[in-house]
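**Q** Below you'll find the structure I mean.
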Amino acid sequence: MNSSNTGSRFPRVVIIGAGFGGLSAATRLAKAPFDVTVVDRHNYHLFQPLLYQVATAGLSPADIASPIRGILGRQKNAKVILAQVSSVHTARNEIVAEGRRIPYDYLIVATGAEHAYFGHDWSSYAPGLKTIDDATYLRRRILLAFERAETEADPDERRRLLNFVVVGGGPTGVEMAGAIAELAKRALASDFRSIDPRCARIVLIEAAPRLLAPFDPSLSEAARRSLEQLGVEVRLGTGVTDCDCSGVSLGRERLETRTIVWAAGVKASPAAEWLGADHDRAGRAKVAADLSLPVIRIFS
Ligand SMILES: Cc1cc2nc3c(=O)[nH]c(=O)nc-3n(C[C@H](O)[C@H](O)[C@H](O)COP(=O)(O)OP(=O)(O)OC[C@H]3O[C@@H](n4cnc5c(N)ncnc54)[C@H](O)[C@@H]3O)c2cc1C
């Protein structure tokens, strides 16, 4: 199928995902002779780098989410479809979104990443941080931990509630651990009567020998020092071996907590599977230097 079969004036570019990748592709095509369709499962573009601020009550969700229609409203050659894409038929040049078939001449897939738990079923104990729902869920868990500690009579349970464990010392884990420490030791410091939030224990666990592994070692060291100044306990070279509703295990050591934040791993969206593309263990499609897939070229 091509654009002439469906009445389009110009070749149709369908973009799945209105994150940074999908939106910048759409806006770059603003003056090009294409009909652009952006399909996203949400009606807003999310600024993920500030999710941690929502998760720690520094910002509200509306501060980091902008309507996709608003962003592309003035772009005459672009339209937006709110739908969850479930598959791509490369042989027919169509994507399938909630039962609807959307034809394309060119397809851009920019569906981002998801949490990875390395084969473990830990997501209910250790929620991650990728979406607005994740951030508001974590915010509720963190704030309720302080509230429950305030009225908890059992000292062991109170300690468990005031322990916060962040797993993964990449940028998200570093930001989350720092933000929880600031919340406990500054923002909430004088808001409670039975507990002292400044006594909260925040532990950041990283399996590698340093934080922020892809960055220069001097930055890893600076991040570690800053976190420790905020009162975060940084545990390097330590892998989590189990998670449950009352804590994490680090080999034979046990850390009791009611709040675990998972920032240890991501995997790609199922895009490579949709496309039948060659991919690595994390689901990342193997692309050429121009980000195209050989398989797409065969069928389109
Ligand atoms: C907590 C956090 C902090 C970060 N901090 C930084 C930072 O400080 N600096 C930095 O450079 N990067 C940071 N990043 C990384 C950065 O946000 C990502 O690299 C970037 O968002 C990736 O853009 P993307 O367009 O590939 O995917 P995304 O932004 O994830 O967008 C994917 C889009 O696809 C949509 N989608 C997915 N699946 C479907 C489907 N099946 N159907 C329809 N729509 C779908 C989603 O709704 C989403 O809108 C951070 C990420 C996180 C999670």
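**Q** If you take the residues of segment 215-254 that are out of contact with any helix residue (DSSP H, G or I) (no Cβ under 9 Å at 6 or more places or on another chain) and at positive phi, which of them is modelled with the lowest pLDDT?
**A** Gly251
**Q** If a residue must be modelled with pLDDT of 95 or more, touching a Phe, Trp or Tyr at 6+ places or on another chain (Cβ under 8 Å) and outside any strand (DSSP E or B), how many such residues does segment 86-102 contain?
**A** Summing the residues that are modelled with pLDDT of 95 or more, touching a Phe, Trp or Tyr at 6+ places or on another chain (Cβ under 8 Å) and outside any strand (DSSP E or B) in segment 86-102 gives 1.
**Q** Next question, about the same structure. Consider only pairs whose beta carbons are under 9 Å apart and that are at least six residues apart or on different chains; among these, list those whose first residue lies in segment 183-196 and is of a type in the set (Phe, Trp, Tyr) and whose second residue is open to solvent by less than 30 Å² (accessible area, probe 1.4 Å).
**A** Listed by first residue and then by second, the contacts come to Phe192/Phe146; Phe192/Ala149.
**Q** Can you find a residue in segment 99-121 that is more than 17 Å from the chain's Cα centre (by Cα) and among the basic types (Lys, Arg)?
**A** Within segment 99-121 (the criterion being more than 17 Å from the chain's Cα centre (by Cα) and among the basic types (Lys, Arg)), the answer is yes, since at least one residue qualifies.
**Q** What strands (runs of 3 or more DSSP E) completely inside segment 103-195 contain at least 2 residues that are open to solvent by 20 Å² or more (accessible area, probe 1.4 Å)? Give the steps one after another, and end with the answer.
**A** Details: elements: 106-109, 113-115, 163-167.
Passing ranges, in order: 106-109, 113-115.
**Q** Filter segment 17-35 for residues that are in contact with a helix residue (DSSP H, G or I) (Cβ under 9 Å, 6 or more places away or on another chain) and open to solvent by 60 Å² or more (accessible area, probe 1.4 Å); which is nearest to the ligand (Cβ to nearest atom)?
**A** Looking at residues that are in contact with a helix residue (DSSP H, G or I) (Cβ under 9 Å, 6 or more places away or on another chain) and open to solvent by 60 Å² or more (accessible area, probe 1.4 Å), I get Phe20.
**Q** A further question follows. Quick check on segment 36-56: of everything there that is touching an Asp or Glu at 6+ places or on another chain (Cβ under 9 Å) and either assigned to a strand (DSSP E or B) or more than 6 Å from the ligand (Cβ to nearest atom) (or both), which residue is most open to solvent (accessible area, probe 1.4 Å)?
**A** Phe47
**Q** Checking Thr241 against (1) crowded, with 18+ Cβ neighbours inside 10 Å; (2) of a type outside the set (Lys, Arg); (3) touching a Gly at 6+ places or on another chain (Cβ under 6 Å), which test does it fail?
**A** Every condition holds for Thr241 apart from (1).
**Q** Residues in segment 247-295 that are in a strand (DSSP E or B), touching a Leu at 6+ places or on another chain (Cβ under 9 Å) and more than 26 Å from Ile16 (Cβ to Cβ): how many?
**A** Step one: filter segment 247-295 for residues in a strand (DSSP E or B), giving 247-250, 253-256, 259-262, 266-268, 279, 285.
Subset that is touching a Leu at 6+ places or on another chain (Cβ under 9 Å): 247-249, 259, 261-262, 285.
Next, from what is left, pick out any that are more than 26 Å from Ile16 (Cβ to Cβ): 247-249, 259, 261.
The qualifying residues number 5.
**Q** While we're here: Of the conditions (1) within 18 Å of Val248 (Cα to Cα); (2) under 18 Å from the mean Cα position of the chain (by Cα); (3) open to solvent by 70 Å² or more (accessible area, probe 1.4 Å), Arg201 satisfies every one except a single condition; which number is it?
**A** Only one criterion in (1) within 18 Å of Val248 (Cα to Cα); (2) under 18 Å from the mean Cα position of the chain (by Cα); (3) open to solvent by 70 Å² or more (accessible area, probe 1.4 Å) is unmet by Arg201, namely (2).
**Q** Which one is nearest to Ala271 (Cα to Cα), of the residues in segment 76-101 that are crowded, with 17+ Cβ neighbours inside 10 Å and away from the ligand (no atom under 14 Å from the Cβ)?
**A** Out of the qualifying residues, it is Thr90.
The values are calculated or read from the model by the stated rules, or taken from the named source; none is laboratory data. Since this is a predicted model, take the numbers as computed values, not measurements. Cβ coordinates were reconstructed from backbone atoms using ideal geometry, including for glycine residues, and neighbour counts include every protein chain displayed. Calculation scope for accessible area: heavy atoms of the full protein, side chains included, ligands and nucleic acids excluded. Shrake-Rupley method; radii C 1.70, N 1.55, O 1.52, S 1.80 Å.
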